[in-house]
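The values are calculated or read from the model by the stated rules, or taken from the named source; none is laboratory data. For clarity, every value in this text was computed on a predicted model and none was experimentally measured. Here the Cβ is made from the backbone with ideal geometry for all residues, glycine too, and neighbour counts use every protein chain on show. SASA here: full protein model, heavy atoms, side chains in, ligands and nucleic acids out. Shrake-Rupley method; radii C 1.70, N 1.55, O 1.52, S 1.80 Å.
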Amino acid sequence: MKSYKSDKKYLYADRKDKNHKGKFLMSMRFDISGGNLDSAGEASSTIKSKLKQLGIGYSIIRRVAIASYETEMNIVLHANRGTLSVYVAEDHIKIIAVDEGPGIPNVELAMQEGYSTATEQIREMGFGAGMGLPNMKKCSDQFEIHSDIGKGTKVMIVIFF
Amino acid sequence: MRDIYHSVTLDKDKCRGCTNCIKNCPTEAIRVRGGKAAILKSKCIDCGECIRICPHHAKIASTDDLKTLSNYKYNIAIPAPAFYSQFSEDIDINILLNALKAIGFDYVYEVAEAAERVSIAITNYLKKNDRTAPSISSSCPAIIRLIQVRFPELIENIIPINSPMEIAGKKAREYGVQLGYRDKDIGVFFITPCPAKVTSILRPVGVKKSYINGAFSITQIYSEIIKKLSSINEADLENLQKSSGQGIIWGVSGGEKHAVDYGNRLSVDGIHNVINVLEEVEMGKLNNMDYIECQACIGGCIGGALTVENRFIARIKLERIARRYGQKFSVDCDEVLADYKKGEYFLKEEIKPKPIQPLDKNLGRAVEKMKHMEKILEDLPGLDCGACGAPNCQALAEDIVRGYAQELDCIIILKERVNELAEKMVALSKTVPPAMGIKEPEEEGTNNWD
Ligand SMILES: Nc1ncnc2c1ncn2[C@@H]1O[C@H](COP(=O)(O)OP(=O)(O)OP(=O)(O)O)[C@@H](O)[C@H]1O
Ligand code: SF4
Ligand code: SF4
Ligand SMILES: [Mg+2]
């Protein structure tokens with residue numbers, strides 16, 4: 001298993017809960033199907049409008065929106081199927097995306113701005129700038145990505161209020 | 001019109017409570033209560049969709065009465081570029097502006113000219129590298145309000161430059177002062193295609209006080225102008241038409257995008273389309289764009305709710321007129337640039353967010369209410385019929401947890417409850433007290449009582 005650490009102060013899975021003191025409040029879960037561009041972005045849209053109703057600060061919402069949209073689109077464009085879950089706690093929001101798909105052979109490389117394996121066809125639709133993962137990382141306070149080649153990819157993002 | 005917050009209001013006598021408007025309001029700002037529509041002021045963006053849709057003409061836009069002109073010593077009309085597209089194409093624009101003047105003004109200053117200035121200012125603003133991309137145009141007040149209410153996080157993307165209307169107001173005022181009038185004796189009136197502009201004059205965003213005193217709608221003065229057009233004397237014509245096509249074209253969607261000259265530009269019209277695009281901006285999807293022109297009305301201001309001409313015909317006309325007046329700016333670009341550098345084009349006040357009320361101020365309680373809301377929604381029929389007075393089941397569920405409505409407002413649920421009750425009543429009516437003595441069981445030979 002390859003894993004990637006964000007250069008921000010970052011904690012491994014076994015320690016991360018220490019940093020999340022806020023009480024868990026609710027979760028939302030969405031099934032995302034790979035290749036389905038018709039409903040692409042719908043999960044992120046729903047997440048966004050729910051967070052607005054909850055009165056979450058809008059600079060936080062903007063970061064969550066970008067992060068969840070990019071994770072959602074990566075599943076749609078690069079994986080077979082997956083789930084996008086959002087956990088709302090008193091002091092943070094956690095996004096977890098898990099997919100079944102080809103996985104990422106070189107995570108270090110995929111994290112670089114501009115790196116993309118998107119086909120010409122996907123690029124024509126306006127995706128594949130290779131900015132998704134770097135942008136996700138920029139939006140998050142904690143960022144983790146694990147990939148198993150041939151099996152799938154897991155992304156965890158935490159954004160503190 | 002002074003004491004109201006929104007130009008768009010309801011004529012209660014005409015409203016039949018038909019629910020046509022509630023479904024078309026882009027911000028779900030309308031509910032029907034007690035058989036009459038009611039607009040939620042905190043949500044309305046004055047886009048005018050409901051004025052267009054109401055079959056009973058019960059949604060109205062308040063504007064000024066022409067009599068207000070008598071309050072000022074010197075009156076200046078500032079017509080929106082869309083105004084030019086409302087009449088026969090054979091009419092020379094200068095003659096049209098003279099006819100406008102003749103209905104009671106002392107002078108006419110074209111918003112189209114101000115639009116040229118604003119185009120130059122925006123082009124320069126876009127060259128800044130510390131702006132938040134994509135920059136969103138600030139000319140349509142319905143869009144500004146939409147962003148304040150629904151996309152507050154995008155306020156920093158709005159170009160902090162005054163709209164052509166405000167710049168025109170400022171220039172017109174300066175002109176009056178030059179002639180020797182005191183500021184308070186100068187009346188500047190916008191000839192408006194829409195209610196959103198009227199609201200933005202009364203409740204300006206980004207400036208403390210509007211340079212404009214009031215507004216008359218195109219529909220309101222249309223027949224007056226037609227009358228004047230037939231009696232105008234060519235010999236008395238004043239030279240009022242100065243603008244070029246670069247400013248005139250602002251009246252149609254795509255016009256701003258055309259007149260502004262920098263980077264990657266996108267133009268979106270129609271409030272529902274704009275909402276879709278802003279959603280994408282929110283998700284960081286359009287970061288490669290420099291400039292997004294957003295207009296609430298389909299076709300741009302020529303499609304405003306207070307215009308007369310069919311918007312598709314108006315578009316063709318305005319495009320032809322713009323071509324006639326050329327691509328070369330009529331204003332002195334260096335002067336505009338110098339003023340821009342002095343900060344004269346910039347908004348003086350912050351644009352404040354006006355986000356919708358959260359379900360609760362406390363996050364924990366808001367979450368509880370959201371869960372409750374989802375439970376209610378599961379029980380609602382999902383028909384989105386609007387008979388409850390809310391635009392859809394989701395909105396009713398939200399209204400219920402916010403305490404503005406109740407589950408029995410849903411006629412399907414009401415019917416179910418009535419059915420349940422009816423069944424109970426039937427059942428009840430069949431159970432007869434033993435003391436009354438029933439014969440039937442005996443006849444059927446099933447009487448085991450003795
Ligand atoms: N969930 C995933 N499964 C498999 N491969 C992935 C996944 N997410 C990302 N990748 C790989 O990492 C590369 C970089 O991803 P990133 O999101 O940064 O860019 P992109 O998706 O190619 O383009 P953009 O996000 O700008 O539209 C992708 O091209 C793809 O090869
Ligand atoms: S003007 Fe627009 S926002 Fe206001 S109530 Fe009518 S449709 Fe809704
Ligand atoms: S597009 Fe023009 S006419 Fe329509 S609401 Fe906006 S400013 Fe008014
Ligand atoms: Mg991506």
Which members of the stretch B:135-151 meet the condition of being of a type outside the set (Gly, Ala, Ser) and open to solvent by less than 10 Å² (accessible area, probe 1.4 Å)? B:136, B:143, B:146, B:147, B:148, B:149, B:151
Hey, residue B:71 on the phi < 0 side of the Ramachandran plot, open to solvent by 10 Å² or more (accessible area, probe 1.4 Å) and in contact with an Asp or Glu (Cβ under 8 Å, 6 or more places away or on another chain) or not: no
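For (1) open to solvent by less than 10 Å² (accessible area, probe 1.4 Å); (2) closer than 19 Å to residue B:197 by Cβ; (3) more than 14 Å from every other protein chain (Cβ to nearest Cβ), each residue gets a yes or a no:
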{"residue": "B:239", "(1), (2), (3)": "no, no, yes"}
{"residue": "B:282", "(1), (2), (3)": "yes, no, no"}
{"residue": "B:296", "(1), (2), (3)": "yes, yes, yes"}
{"residue": "B:321", "(1), (2), (3)": "yes, no, yes"}
{"residue": "B:340", "(1), (2), (3)": "no, no, yes"}
Criterion first (more than 14 Å from chain A (Cβ to nearest Cβ), free of Cβ contacts under 8 Å to residues at least 12 places away in the same chain and hydrophobic (A, V, I, L, M, F, W, C)) does residue B:363 satisfy it? no
Condition set surrounded by 24 or more Cβ atoms within 10 Å (Cβ to Cβ) and hydrophobic (A, V, I, L, M, F, W, C), scope the stretch B:178-190, selection nearest to residue B:75 (Cα to Cα): answer is B:188
When the stretch A:107-134 is examined, which residues are found to be touching a residue at least 60 places away in the same chain (Cβ under 8 Å) and over 21 Å from residue A:34 (Cα atoms)? A:108
Count of the stretch B:242-261 residues which are within 14 Å of residue B:114 (Cβ to Cβ) and open to solvent by 10 Å² or more (accessible area, probe 1.4 Å): 4
So which helices (runs of 4 or more DSSP H) are wholly in the stretch A:52-153 and hold at least 3 residues that are within 12 Å of another protein chain (Cβ to nearest Cβ) and crowded, with 17+ Cβ neighbours inside 10 Å? A:58-78, A:132-139
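Yes or no, residue by residue, for (1) more than 14 Å from every other protein chain (Cβ to nearest Cβ); (2) within 18 Å of the chain's Cα centre (by Cα); (3) assigned to a helix (DSSP H, G or I):
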{"residue": "B:286", "(1), (2), (3)": "no, no, no"}
{"residue": "B:302", "(1), (2), (3)": "yes, yes, yes"}
{"residue": "B:316", "(1), (2), (3)": "yes, no, yes"}
{"residue": "B:335", "(1), (2), (3)": "yes, no, yes"}
Out of A:77, A:54, which single residue is in contact with a helix residue (DSSP H, G or I) (Cβ under 8 Å, 6 or more places away or on another chain), more than 16 Å from ligand 3 (Cβ to nearest atom), aliphatic (A, V, I, L, M) and farther than 21 Å from residue B:363 by Cβ? A:77
Answer yes if at least one residue in the stretch B:48-65 is part of a loop (DSSP other than H, G, I, E, B), open to solvent by less than 20 Å² (accessible area, probe 1.4 Å), on the phi > 0 side of the Ramachandran plot and outside the structural domain of residue B:295 (by TED's automatic domain parsing), and no otherwise. yes
One residue is enough: does the stretch B:95-107 have a residue meeting the conditions under 25 Å from residue B:72 (Cβ atoms), small (Gly, Ala, Ser) and assigned to a helix (DSSP H, G or I)? yes
